[in-house]
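The values are calculated or read from the model by the stated rules, or taken from the named source; none is laboratory data. Just so it is clear, the structure is predicted and the values come from calculations on it, not from any experiment. All Cβ positions, glycine included, derive from the backbone under ideal geometry; neighbour counts span all protein chains shown.
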Amino acid sequence: MSLIPFSIENQIGASTRLDERSIHLRRRIVRILECSQRGHVGATFSLIEILRVLYDDILRYDPKNPIWGKRDRCILSKGHGCLAQYVMLAEKGFFPEEELWKFCQADGILGGHPEAGKIPGVEASTGALGHGLPIGVGMAIHARYEGSDHRVFVVVGDGECNEGSVWEAAMSAGNRKLSNLCVVVDYNKQQSYDTTFAVQNLEPFEDKWRSFGFAVTAVDGHDINALREVFSKVPLKPDQPTTILCHTVKGKGVDFVENNLSWHHKSRLKEEEIRALYEALEGYPCGKRA
Amino acid sequence: MRQTCLNSVYELAKKDDRIFFVGSDLGSGTLQEFRKEIPDRFFMEGVNEAHVIGMASGLALEGKIVYVNTIATFITRRCFEQVALDLCMHNVKVRLIGNGGGLVYAPLGPTHLAFEDIAILRALPNMTIVAPADRDEMRRLMPQTVEWPGPMYIRLAKGFTDPIVTTDDIPFEIGKSLPMRKGKDALIVTTGITLKLAQTASEILSGDGIEAAILHIPTIKPLDSAAVLNLASSVNAIVTVEEHSIVGGLGAAVAEILAEAGFDTPKRFKRIGIPDTFPDQYGSQDSLMARYDITAETITSTLREFLTH
């Protein structure tokens with residue numbers, strides 16, 4: 001059993017340094033916030049290294065043919081973290097960069113939660129929590145039926161794992177030994193109201209997944225090399241679905257956002273808040289001035 | 001009707017490898033041949049409807065045509081958000097087959113009665129809702145469900161004991177209503193098994209010299225509004241009859257288009273159906289229908305009153 005007593009001081013990932021690319025991706029997200037004055041900031045910043053490594057090094061895809069049959073499917077089930085996915089998809093060429101600056105605007109394709117059909121590279125419309133994993137199970141069953149070697153990655157939030165449908169789908173994936181399915185948990189230990197420990201404790205979290213039939217490992221979700229190493233081993237076992245529990249810090253990269261519940265979602269962001277975000281990123285230990 | 005429906009799924013699946021079947025935790029022996037002969041497209045997922053709908057959506061997003069079957073209320077009310085988002089918003093070809101639509105499960109009590117299933121699904125964009133009157137109509141419907149776009153809800157009535165009230169003479173088409181009887185004095189609009197009640201009522205009325213037309217509506221959404229308005233325009237007395245709440249079902253759908261039609265002469269109109277309440281008795285489907293006055297007698301007395309006052 002891996003019971004992790006939570007405190008900000010001993011939080012895994014808290015002292016992990018971000019490299020220039022991670023800072024750059026955060027700056028792009030701040031620019032989106034600057035244009036839209038809104039967004040789920042904390043939940044996006046905890047997710048960046050996970051999606052960066054997936055899109056840089058792990059997933060198989062063709063931005064010129066987003067519905068290529070052999071692509072790996074990546075469902076962002078915690079749809080409120082979509083800004084992290086949007087910057088990756090734009091960078092990889094799924095849609096023009098200009099769309100980023102129209103986030104949440106009437107003439108844009110990028111909304112506050114990702115929509116399939118509207119955004120190239122988005123596999124399923126999410127945002128209402130607990131939907132991505134059941135859909136991912138269906139896609140993994142399809143891949144197995146077709147004899148295709150593509151994989152299905154479903155990124156879920158920790159608060160999202162309060163939803164019963166996550167565990168309904170997990171039970172099915174475990175029983176069906178869907179080794180082509182990988183659940184990636186952004187375990188930042190904060191949900192909207194309070195810490196996950198205070199609202200609805202998920203521990204022993206690794207053991208829960210294990211008992212549902214998953215091969216499980218945990219990783220520092222901000223450590224690029226560690227993420228690369230773990231993701232490159234998926235599936236962890238040849239006859240089990242995989243869960244990678246990524247220990248992350250909500251708001252990672254900006255000291256006054258980190259573990260700050262008031263930054264879960266922000267609207268009507270003020271100019272000085274945007275400036276403070278930019279300044280914090282410039283001054284980050286591994287940022288430009290490091 | 002259920003057997004006809006599920007056997008059709010099996011027969012269709014034998015010919016079309018896009019067709020998958022997902023059940024929740026159905027009765028022992030259900031679709032045994034499908035399970036044995038096409039095991040890689042047959043899934044019995046257990047009692048987890050939210051997951052079942054999501055999984056079906058995942059398969060359908062990959063181009064499969066997925067038939068999902070369980071008790072009507074669990075496939076609609078229980079997993080409503082999954083139906084709304086995973087199926088309707090993604091507009092995928094998943095067919096929800098709901099056992100025991102209406103008051104079929106009367107002895108099992110209100111937790112098992114799907115009396116507002118049509119109302120809640122009718123509010124969802126992209127959803128198609130069909131309620132055949134008998135197993136022959138089900139047989140005619142099922143082949144058309146394969147290529148029909150978007151999600152669909154197929155409401156099953158009772159089992160073997162339903163009388164056959166439709167014929168092969170009138171071609172069945174999803175989205176089209178079926179004029180079952182001509183009549184110059186009144187119009188009875190039905191869906192599902194209430195067609196039988198309308199037929200009985202129209203014969204009684206005919207004996208009194210009142211000729212009531214019957215328009216049977218197996219597809220409640222999209223509603224064949226043109227046919228309803230066409231028949232409604234020539235009569236002044238109209239009733240709808242459904243084994244469903246009067247809130248949001250066939251009667252409400254017809255009322256909406258009648259109210260907006262702007263007829264020159266006012267129409268007398270009544271929705272015959274389950275009142276806005278959780279059914280409070282057990283007994284049988286028939287006894288519960290009688291309790292809520294969903295009967296041929298109610299149709300005849302209502303129309304007689306409309307035509308004499």
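The figures follow:
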quantity: Residue list for the stretch A:57-84, restricted to those being free of Cβ contacts under 8 Å to residues at least 60 places away in the same chain and part of a loop (DSSP other than H, G, I, E, B); calculated: A:62, A:63, A:64, A:65, A:66, A:67, A:68
quantity: Every residue from the stretch B:1-20 that is farther than 14 Å from residue B:141 by Cα and among the small types (Gly, Ala, Ser); calculated: B:13
quantity: Hey, residue A:111 in a loop (DSSP other than H, G, I, E, B), within 14 Å of chain B (Cβ to nearest Cβ) and under 24 Å from residue A:162 (Cβ atoms) or not; calculated: yes
quantity: Matching residues, the stretch B:47-98, being more than 16 Å from residue A:126 (Cα to Cα), among the hydrophobic types (A, V, I, L, M, F, W, C) and at the interface with another protein chain (Cβ under 7 Å from one of its Cβ atoms); calculated: B:59
quantity: Qualifying residue in the stretch A:96-105 (condition: among the basic types (Lys, Arg) and not in a loop (DSSP other than H, G, I, E, B)); calculated: yes
quantity: Residue B:125 away from every other protein chain (no Cβ under 12 Å) and assigned to a loop (DSSP other than H, G, I, E, B); calculated: yes
quantity: Close pairs from the stretch A:115-127: first within 8 Å of chain B (Cβ to nearest Cβ) and more than 12 Å from residue A:85 (Cα to Cα), partner hydroxyl-bearing (Ser, Thr, Tyr) and not in a loop (DSSP other than H, G, I, E, B), Cβ under 8 Å, at least 6 apart; calculated: A:124/B:57
quantity: Test: residue in the stretch A:184-204 that is in contact (Cβ under 8 Å) with a residue 40 or more places away in the chain, touching a strand residue (DSSP E or B) at 6+ places or on another chain (Cβ under 6 Å) and of a type in the set (Val, Ile, Thr); calculated: yes
quantity: Given (1) in contact with a helix residue (DSSP H, G or I) (Cβ under 6 Å, 6 or more places away or on another chain); (2) under 14 Å from residue B:186 (Cα atoms); (3) of a type outside the set (Phe, Trp, Tyr); (4) not in a helix (DSSP H, G or I), index of the condition residue B:235 fails; calculated: (1)
quantity: Helices (runs of 4 or more DSSP H) wholly inside the stretch A:131-213 that include at least 2 residues being within 10 Å of chain B (Cβ to nearest Cβ); calculated: A:132-146, A:164-175
quantity: Which numbered condition residue A:128 misses (of (1) under 30 Å from residue A:172 (Cβ atoms); (2) of a type in the set (A, V, I, L, M); (3) outside any loop (DSSP other than H, G, I, E, B)); calculated: (3)
quantity: Test: residue in the stretch B:34-45 that is more than 14 Å from chain A (Cβ to nearest Cβ), out of contact with any Ser or Thr (no Cβ under 9 Å at 6 or more places or on another chain) and among the basic types (Lys, Arg); calculated: yes
quantity: Single condition residue A:275 does not satisfy, out of (1) surrounded by fewer than 21 Cβ atoms within 10 Å (Cβ to Cβ); (2) in contact (Cβ under 8 Å) with a residue 40 or more places away in the chain; (3) not in a loop (DSSP other than H, G, I, E, B); calculated: (2)
quantity: Residue check, residue B:189 surrounded by 20 or more Cβ atoms within 10 Å (Cβ to Cβ), part of a strand (DSSP E or B), at pLDDT 95 or above and out of contact with any Pro (no Cβ under 6 Å at 6 or more places or on another chain); calculated: yes
quantity: Residue B:206 being in a helix (DSSP H, G or I), buried (at least 16 other Cβ atoms within 10 Å of the Cβ) and either out of contact with any strand residue (DSSP E or B) (no Cβ under 7 Å at 6 or more places or on another chain) or not acidic (Asp, Glu) (or both); calculated: no
quantity: Breaking point among (1) aliphatic (A, V, I, L, M); (2) out of contact with any Leu (no Cβ under 8 Å at 6 or more places or on another chain); (3) surrounded by fewer than 22 Cβ atoms within 10 Å (Cβ to Cβ), for residue A:178; calculated: (3)
quantity: Number of positions in the stretch A:238-263 that are among the charged types (D, E, K, R) and more than 19 Å from residue A:197 (Cβ to Cβ); calculated: 2
